[in-house]
Amino acid sequence: MLELTPTDIVLGIAKERDLERQKGLLRGPLHGVPLIVKGNMGTDRSLGMKTTSGAYALQNATAVRDAFIVEKAREAGMIVIGKANLGELNGFKDNNLSPGWSRLGGETLSPYDLQHPCGSSAGPAAATAAGFAPFAFGTETQGSISCPASFTSLYGLKVSTGLLSRRGILSSSTTFDSPGILAKSAWDIAALLTETSGSDPEDPVTAEAEPFLTDFTVSLNANWKDFRIGVADKDWFWSILPGFVGNQADVDDEKEMFSLGLEAVAEMGKRGAAIVPDAKIRSAPLSVRHVPELMGKIIRHEMGPAFAKHMASLEGVTIKTLEQLIGFNRQHPESSYTKEHSAQGYLESAVHQHLSDEEYRAALLEARTIAIDEGIIEALDKNNLDVLVLPAWTEMSIYAAWAQAPTATVPLGKDRNGKPYGLGFVARRFDDEKLLQIMKLYEDTFAPRLIPTRMRWKRWQQVLPQNYLGAV
């Protein structure tokens, strides 16, 4: 955890929710339920927390109001108990930043093997898996929901761009970023999504989602027979590709994951789903190198405006631009860096990259062509599919971002060291409801998610905030 709601405040809110319940004034199905939010999300001063995105330079930053989805959650009666650690500035401070590390929060630890659980939303995932709260809000640019969910045996949904407002949240990409939810069940995700989705004039793209707003819990009951599922291009998403980093044991783990995933797909077929065994993706050969490079170009171009917009919503700091942030870190290296994390290369590359408007538009067009016209949407349409299925942590997360499409992650298995891994699904934009139905079917069909068995209290005492230990 990066920061906790002060005990007196959180207990006061809890008492208010209890009194409301006693009077029969329930706000909804999540009344009084605790919630964790990622450290890049604004929270009102009344909650007594800062909004730092893990950066020392922003340690005194305070949001003037809740982020839109946090506000909606609180209106629904939920209790925000704290902010989870994250990859500093969504993981885009430096090219070599450890996933889940921030200067203010340190290294996020997995409750399964005490190693990082991957992605900038590592904190929300680890906290949820460890049982601090039933669910958490995360955000994703490229895999920051799917990868942490996979590594912590959680259910994760990165929603279609526009289904959840981004107001009050630090984005890395103004075009492709989206919030998401990490939880232990499909119903929990559906309930939280129902309470917090909605149109927000300050994030105009949310207007496009209005026809798809619903009570997502009502439609959870479905049948495998309702779905056509395509196995995403086996040559590229179910194979060990050149450049794979790891030893033979790692290779064996990967092969075991592929095997378990395909066995799960076969079981879906036995239960009535129509399975297309190898849905080819024309642009898949670009996924190894060109796709991440193009995504990096777009992110670097959009980071500056995204950061400036977010900082305009904060008080307590004079830093308003990436250039000022870089300058502060250079002037305060002892506070902004550690021996292991001693650079800000990604930030610097963002301010040094200069794309013309024409070059930027061309990059966006190419990205959408790769993802839509020659990618996942073409594969879905050509094979008349509802979803594609593949290992949860691949470059498919970039394809989904470019298509503004939702992705779902479900628990699958674990490697030789006990670290979990998951199975992923991707659908067309605003087919989030279908993904939730598949997640619920999966949950009802396959083995329960893995419960952490290696949590060592003495080790956790070293990393939990002292006020948390006092409350315990």
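See the values below:
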item: Contacts under 8 angstrom Cβ, first residue in segment 8-33 being closer than 12 Å to I81 by Cα, partner aliphatic (A, V, I, L, M) and surrounded by fewer than 16 Cβ atoms within 10 Å (Cβ to Cβ), 6 or more apart; result: G32/A14
item: Test: residue in segment 399-417 that is modelled with pLDDT of 95 or more and in contact with an Asp or Glu (Cβ under 6 Å, 6 or more places away or on another chain); result: yes
item: The lone exception for S46 - which of (1) touching a residue at least 40 places away in the same chain (Cβ under 8 Å); (2) more than 15 Å from the chain's Cα centre (by Cα); (3) more than 26 Å from S336 (Cα to Cα) it fails; result: (1)
item: Pairs, first at pLDDT below 90 in segment 233-255, second polar (S, T, N, Q) and part of a helix (DSSP H, G or I), C-beta under 9 Å, six or more apart; result: L241/S287
item: Residue in segment 34-42 that is more than 22 Å from the chain's Cα centre (by Cα) and at pLDDT 95 or above present; result: no
item: Test set (1) in contact with a strand residue (DSSP E or B) (Cβ under 9 Å, 6 or more places away or on another chain); (2) modelled with pLDDT of 95 or more; (3) over 27 Å from S342 (Cβ atoms) - E71 fails condition number; result: (1)
item: Candidate set from segment 305-319 (those that are within 25 Å of the chain's Cα centre (by Cα) and outside any helix (DSSP H, G or I)); member that is nearest to G168 (Cα to Cα); result: S313
item: In segment 281-295, the residues that are surrounded by 18 or more Cβ atoms within 10 Å (Cβ to Cβ) and either assigned to a helix (DSSP H, G or I) or not β-branched (V, I, T) (or both); result: S283, A284, L286, S287, V291, L294, M295
item: Those residues of segment 349-400 which are part of a loop (DSSP other than H, G, I, E, B) and under 14 Å from S283 (Cβ atoms), in sequence order; result: E374, G375, T394, E395
item: Pairs, first over 11 Å from A55 (Cβ atoms) in segment 322-344, second in a helix (DSSP H, G or I) and modelled with pLDDT under 90, C-beta under 6 Å, six or more apart; result: none
item: Test result for N223, surrounded by fewer than 20 Cβ atoms within 10 Å (Cβ to Cβ), touching a residue at least 24 places away in the same chain (Cβ under 8 Å) and more than 24 Å from the chain's Cα centre (by Cα); result: yes
item: Test result for A191, outside any loop (DSSP other than H, G, I, E, B), of a type in the set (G, A, S) and within 25 Å of D66 (Cα to Cα); result: yes
item: Boolean, G100 is under 23 Å from A306 (Cα atoms) and of a type in the set (G, A, S); result: yes
item: Failed item in (1) touching a residue at least 12 places away in the same chain (Cβ under 8 Å); (2) within 19 Å of R166 (Cα to Cα); (3) not in a strand (DSSP E or B), with R74 passing the rest; result: (1)
item: Residue in segment 210-224 that is of a type in the set (S, T, Y), assigned to a loop (DSSP other than H, G, I, E, B), on the phi < 0 side of the Ramachandran plot and at pLDDT below 95 present; result: yes
item: Failed condition for E302, given (1) within 30 Å of K419 (Cα to Cα); (2) at pLDDT 95 or above; (3) not basic (K, R); result: (1)
item: So I298, is it closer than 24 Å to H354 by Cα and in contact with a Ser or Thr (Cβ under 7 Å, 6 or more places away or on another chain); result: yes
item: Selection status of L86, surrounded by 23 or more Cβ atoms within 10 Å (Cβ to Cβ) and in contact with a Lys or Arg (Cβ under 6 Å, 6 or more places away or on another chain); result: yes
item: Subset tally (residues that are out of contact with any helix residue (DSSP H, G or I) (no Cβ under 9 Å at 6 or more places or on another chain) and closer than 20 Å to A379 by Cα) for segment 236-261; result: 1
item: Condition check for L213: touching a helix residue (DSSP H, G or I) at 6+ places or on another chain (Cβ under 9 Å), crowded, with 24+ Cβ neighbours inside 10 Å and among the aliphatic types (A, V, I, L, M); result: no
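Listed here are the residues, each with its yes/no results for (1) under 18 Å from G87 (Cα atoms); (2) surrounded by fewer than 24 Cβ atoms within 10 Å (Cβ to Cβ).
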{"residue": "A122", "(1), (2)": "yes, no"}
{"residue": "F137", "(1), (2)": "yes, no"}
{"residue": "Y155", "(1), (2)": "no, no"}
{"residue": "S160", "(1), (2)": "no, no"}
{"residue": "W187", "(1), (2)": "no, yes"}
{"residue": "L193", "(1), (2)": "no, no"}
{"residue": "S199", "(1), (2)": "no, yes"}
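The values are calculated or read from the model by the stated rules, or taken from the named source; none is laboratory data. For clarity, every value in this text was computed on a predicted model and none was experimentally measured. We place every Cβ from the backbone using ideal geometry, glycine too, and count neighbours over all the protein chains shown.
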